[in-house]
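The values are calculated or read from the model by the stated rules, or taken from the named source; none is laboratory data. Being a predicted model, the structure only gives us computed values, none of them experimental. No Cβ is skipped: glycine too gets one built from the backbone with ideal geometry, and neighbour counts run over all protein chains shown.
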Amino acid sequence: MTVLNPYKILLNGDYSTLIVVLSAATFFRSMCSIIGYNGKNSAAPLIVDSLKRMEYRGYDSVGVATFDSGNILVRKGIGKVAEVNKNLNLGQMSGNIGIGHTRWATHGGVTDKNAHPHSACKKDIAVVHNGIIENYKELKEELMSAGHTFVSETDSEVIAHILEIHYNKGIKEAMIETCKRLRGNYAFVAVFQDGAIGGARYEEPLVVGVTNDGYFVSSDVLGFLEYTDKAIFLENGDICVVDNSKLEIFDSQGRPIAHPITQVAWELGDIDKGKYAHHTLKEINEQQLTVIHAGRQDEAVMNKFCDVLVNAKDIYITGSGTSHHSALIFKHMLARFGKIRAETVVSSESKYALASMDSNSVLIAISQSGETADVLDSVRLARDQGAKILSIVNVTTSSLARTSDACLSTNCGPEIGVAATKSFTSQLALIYNITDRICKNCLATEKAEFVIAVENVISNSASSIRAAAQIKDASDVYLLGRSLHYPIALEGALKMKELAYVHAEGIAAGELKHGPLALMEKNTVVIILNPHDATFNDTISNAHEIKARGATVIGISDRKEDIYDYWIEIPHLKEEAYYPIVEVIPLQILAYQMALAKNVDPDYPRNLAKSVTVR
Ligand code: G6P
């Protein structure tokens, strides 16, 4: 097998994905990375490598199953890939066919038994699954009354048992019959005792990697991009079987489907941490380049995007988490510089808010992964009402990108750290570009200055590091900003929660007197986003009000003020609209450093996942 150099490969990746289940369900939903391999090479080492690369999708337990000489071997355990591999020698399992899994569970249940792969009673099948089988309880009851014995508490195990029932009809039929019984969302890969693998997807990603001597079936192109840049993106409802080195893709009726092979078309900077201790740190540092890359857009797509936008009767902008904060900035920029009115809707609220769209409406969906379930739901809702869909995504092969009327890419390369950093500043850089196009270059003259300023704040991180040491034990951190700085206050608070596990709240500075002032006391830490722009005087008054109550004030500003207990300096910008993209970086560094000080792994925050593909 040819091993491609990951530094040179062209990637078009769906490298995001995974997870989450927030309801207090009693079963343990798994959201995870899945991989299958069927080819001429030893499967286990390839699978272990893939799992390491996709570990950011879920990281509480790991397992591998291989097929060798008529038997299916299964090894699995709790822990990260490196640890489980060391304990169980996963990479040394024999056979050229196999499957693997990294898991993330929501409620307890991080046990060896709940780790995937799952087998059924006869041990002739093993399955790895990502998603939620909503009707698993009724299926389990039915299977148990038919004599099946379950060993795990997962929803996923039902898949193995149903496959087992239909296995005597052949693998293709077993896959079709099993998918018919499942409700919810899933991507699963199964290995069968006669040496074939089968995969199926519904509302969870699954992609086939095509090599000269075999196939991968993976939840993410990162699972195989070291070996091939040729991918087949399966559509919802597709089923595939790889048997005797032959790939067959078909629909739920067994009708063959021909999908094109996509040459991954995205330059992969580096999916390794390189010289950095963490992906998050690497990604923070990459921003000096990625904000430039965000400006490289296909002219025709950019024109179409702007045309649709300016001609819309009404405009809604949506996103989740960090991407929602970009939406807030976009709304502000459109109003201020484009004189265009838009509404923002956090994607999880869209079903209550997007009720009056029509064919003259536009929904702009912003997402790093392009796979966030809430975002895709918003798109579906808008589409059903006839609206056009514009999107800003990082993963250009994602479901969101593929469903949009025009999609602009943030072009920042794979983001592995669970907390968004470079994808956020790339979204902003792109939003500024779009705004600049719409306002006929009203921002262009000072474009270079924010790029230099980004470089500057990254190389002068000492004051953020010092401030992190001072506030690492704070139990509550408030972040204040007005105007464009308010979404950055929200984003900074999100970074502190995600990375440093600190209760943090972003507040519109003018709202201080309407409640938050009651919380200001000696042990409170307040970070003030306070560049010397139109918001400066009002915000400095807030700093005085806070200081008078004994709280610690950290100022992020181009101007030193005595009122600050700690000053994090940022460069002065002639175009004040660019401050958000610069001032968020010290907040990312601060949160990262606080995580380190608390001995928390910033790349893999507890209970979170990179992209939430379930509701
Ligand atoms: C998850 C991640 C966040 C991210 C959000 C939206 O919650 O942990 O970091 O901002 O999803 O992700 P998206 O890929 O749609 O931008």
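Applying the condition of being of a type in the set (Val, Ile, Thr) and assigned to a helix (DSSP H, G or I) to the range 319-345 and asking which residue is nearest to THR435 (Cα to Cα) yields ILE329.
Screening the candidates ASP14, ASP60 for the property of being surrounded by fewer than 24 Cβ atoms within 10 Å (Cβ to Cβ), modelled with pLDDT under 95 and either acidic (Asp, Glu) or within 16 Å of the ligand (Cβ to nearest atom) (or both) yields one hit, ASP60. For the residues ALA493, ALA489, ALA508, ALA504, the requirement of being over 15 Å from HIS325 (Cα atoms) and small (Gly, Ala, Ser) singles out ALA504.
Being among the small types (Gly, Ala, Ser) and away from the ligand (no atom under 14 Å from the Cβ) is true for just one of ALA365, ALA327, ALA373, ALA353. Which residue is that? Of the residues listed, the single one that is among the small types (Gly, Ala, Ser) and away from the ligand (no atom under 14 Å from the Cβ) is ALA353. Kindly list the number of the only condition in (1) without any contact (Cβ under 8 Å) to a residue 40 or more places away in the chain; (2) assigned to a loop (DSSP other than H, G, I, E, B) that fails for SER391. SER391 satisfies every listed condition except (2).
Among the candidates VAL600, VAL553, single out the residue that is within 16 Å of the ligand (Cβ to nearest atom) and either touching a helix residue (DSSP H, G or I) at 6+ places or on another chain (Cβ under 8 Å) or farther than 30 Å from VAL81 by Cβ (or both).
Details: VAL553 fails: within 16 Å of the ligand (Cβ to nearest atom).
Exactly one of VAL600, VAL553 is within 16 Å of the ligand (Cβ to nearest atom) and either touching a helix residue (DSSP H, G or I) at 6+ places or on another chain (Cβ under 8 Å) or farther than 30 Å from VAL81 by Cβ (or both), namely VAL600.
Of the candidates ALA429, ALA355, ALA373, the single residue that is surrounded by fewer than 22 Cβ atoms within 10 Å (Cβ to Cβ), on the phi < 0 side of the Ramachandran plot, in contact with a Ser or Thr (Cβ under 9 Å, 6 or more places away or on another chain) and of a type in the set (Gly, Ala, Ser) is ALA373. For the condition in contact with a strand residue (DSSP E or B) (Cβ under 8 Å, 6 or more places away or on another chain) and within 16 Å of the ligand (Cβ to nearest atom), LEU587 qualifies. Does ILE47 qualify as being modelled with pLDDT of 95 or more and in a strand (DSSP E or B)? When the stated conditions are applied, ILE47 does not pass them. Of all residues in the range 362-373, those that are under 22 Å from VAL310 (Cβ atoms) have Cβ atoms under 7 Å from Cβ atoms of residues that are part of a strand (DSSP E or B) and near the ligand (Cβ under 7 Å from one of its atoms), 6 or more apart or on another chain, in ALA365/GLY319; ILE366/GLY319. Checking each residue of the range 259-281 against the condition of being exposed (fewer than 14 other Cβ atoms within 10 Å of the Cβ), out of contact with any Lys or Arg (no Cβ under 9 Å at 6 or more places or on another chain), part of a strand (DSSP E or B) and not charged (D, E, K, R) gives no match.
With the structure loaded, tell me whether HIS293 is away from the ligand (no atom under 16 Å from the Cβ), touching a residue at least 60 places away in the same chain (Cβ under 8 Å), under 24 Å from GLY492 (Cα atoms) and not polar (S, T, N, Q) or whether it fails that test. Yes: the conditions hold for HIS293. Inside the range 470-518, residues that are surrounded by fewer than 21 Cβ atoms within 10 Å (Cβ to Cβ), hydroxyl-bearing (Ser, Thr, Tyr) and more than 16 Å from ALA551 (Cβ to Cβ) make up a count of 1. Residue by residue through the range 539-558, note down the ones that are among the charged types (D, E, K, R) and modelled with pLDDT of 95 or more. Answer for the range 539-558, where residues must be among the charged types (D, E, K, R) and modelled with pLDDT of 95 or more: just ASP558. Residues in the range 177-196 that are over 21 Å from GLU235 (Cβ atoms) and in a strand (DSSP E or B): VAL191, PHE192, ALA196. Selection of first residues in the range 233-253 that are over 14 Å from SER399 (Cα atoms) and of second residues that are of a type in the set (Ser, Thr, Tyr) and in a strand (DSSP E or B), restricted to Cβ pairs under 6 Å at least 6 apart or on distinct chains, gives the following pairs, ordered by first then second residue: VAL242/TYR215; LEU247/TYR215.
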